[in-house]
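The values are calculated or read from the model by the stated rules, or taken from the named source; none is laboratory data. On a predicted model such as this, the values are computed, not experimentally measured, just so you know. As a convention, Cβ positions derive from the backbone with ideal geometry for all residues, glycine included, and neighbour counts pool all protein chains shown.
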Amino acid sequence: MDEKLIFISCGQQTEEEKRLGGVVKELVDQTPGFSGYFAEYVQSLDGLASDIFEALGRCSGFVGFLHERGTVQKEGGGFIVRTSVWINQEIAILAYRRFREGTTIPILVFKDQQVQVEGAMTSLIVNAHPIEDAASVSDRIAKWLSSTEFPPPSGVSDADFQSLWTQLSDKAREVIRSLRALGGVNVKESILGGHLADRKGIPRQDAANWVRDARIEFQNTDLVKLVPNIHSGDEMSINPTWQSHIAGALSDQRRSASEAT
């Protein structure tokens, strides 16, 4: 069975905050059927963009900590205590997933007593628990993991995806990487070839050949949809069924290449 990913959003401004995030990740990883994602363990700046967004796009649950991050004066007087900008953005992405996918992602949130819940959190968070000691937090998370119904990682399994992904050549995968960079939907093959040539530093005719040859591989795997267009040139779109799997595979490939250098 595929493990369900739990996204852990925890402050990292202090060693105590980092330790708390690490404790939660260890707890999730040790719970059968789950794996934890904590950005403290992402080592590259690129990871703070691609990896975080990719993890938010495929997670089955979310644990967040609303640490105090300063005060803001309200219009008309008074102050409110706010939390990290990052966690507000992450919650907003999950709100968008609910709207776009029709999928409810279970959320467990702990907050500093002074922090005021705002924005998307007001509609997604039923009840934010106080941040207590690590043992109390871990106990509540363990109970949440055992008693909550989480959506599957995807409508398709990792094994199904890997059986298709391994059929692709390295060049076809590079075509997909450029396709994702250009939005992944209805991208003209001519534009795709130009982007690939610039990114890989190869002649444009060679890039055009890569795209042409990849068409056959895409037809055999259905990871990428081919969209004929007799008026302005054929197009390609990433198959939405495999979108999160493809993002994860390319991210893993990039990390492996970085570690090898």
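Observations, loosely collected:
- Residues of the stretch 136-188 classified as of a type in the set (D, E, K, R) and either touching a His at 6+ places or on another chain (Cβ under 7 Å) or farther than 30 Å from GLY201 by Cα (or both), total: 6
- Residue in the stretch 218-239 that is among the basic types (Lys, Arg) and part of a helix (DSSP H, G or I) present: no
- When each of SER251, SER178, SER190 is tested for being out of contact with any strand residue (DSSP E or B) (no Cβ under 7 Å at 6 or more places or on another chain), in a helix (DSSP H, G or I), modelled with pLDDT under 95 and not assigned by TED's automatic domain parsing to the domain that holds PHE53, the lone residue that passes is SER251.
- When residues in the stretch 120-148 are screened for being of a type outside the set (A, V, I, L, M, F, W, C) and modelled with pLDDT under 90, 7 of them pass.
This table checks each residue for (1) among the β-branched types (Val, Ile, Thr); (2) farther than 24 Å from GLY57 by Cβ; (3) in contact (Cβ under 8 Å) with a residue 24 or more places away in the chain; (4) out of contact with any Phe, Trp or Tyr (no Cβ under 8 Å at 6 or more places or on another chain).
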{"position": "GLY183", "(1), (2), (3), (4)": "no, no, no, yes"}
{"position": "SER190", "(1), (2), (3), (4)": "no, yes, yes, yes"}
{"position": "ALA197", "(1), (2), (3), (4)": "no, yes, no, yes"}
{"position": "ASP234", "(1), (2), (3), (4)": "no, yes, yes, yes"}
{"position": "SER256", "(1), (2), (3), (4)": "no, no, no, yes"}
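- Subset of the stretch 31-68 that is within 28 Å of VAL115 (Cα to Cα) and over 14 Å from the mean Cα position of the chain (by Cα) - its residue that is modelled with the lowest pLDDT: TYR41
- Taking the stretch 202-228 as the range and being more than 15 Å from SER169 (Cα to Cα) and loosely packed, with under 13 Cβ neighbours inside 10 Å as the test, the residues that pass are PRO203, GLN205, PRO228.
- Number of positions in the stretch 152-177 that are under 16 Å from PHE218 (Cα atoms), within 18 Å of the chain's Cα centre (by Cα) and not charged (D, E, K, R): 2
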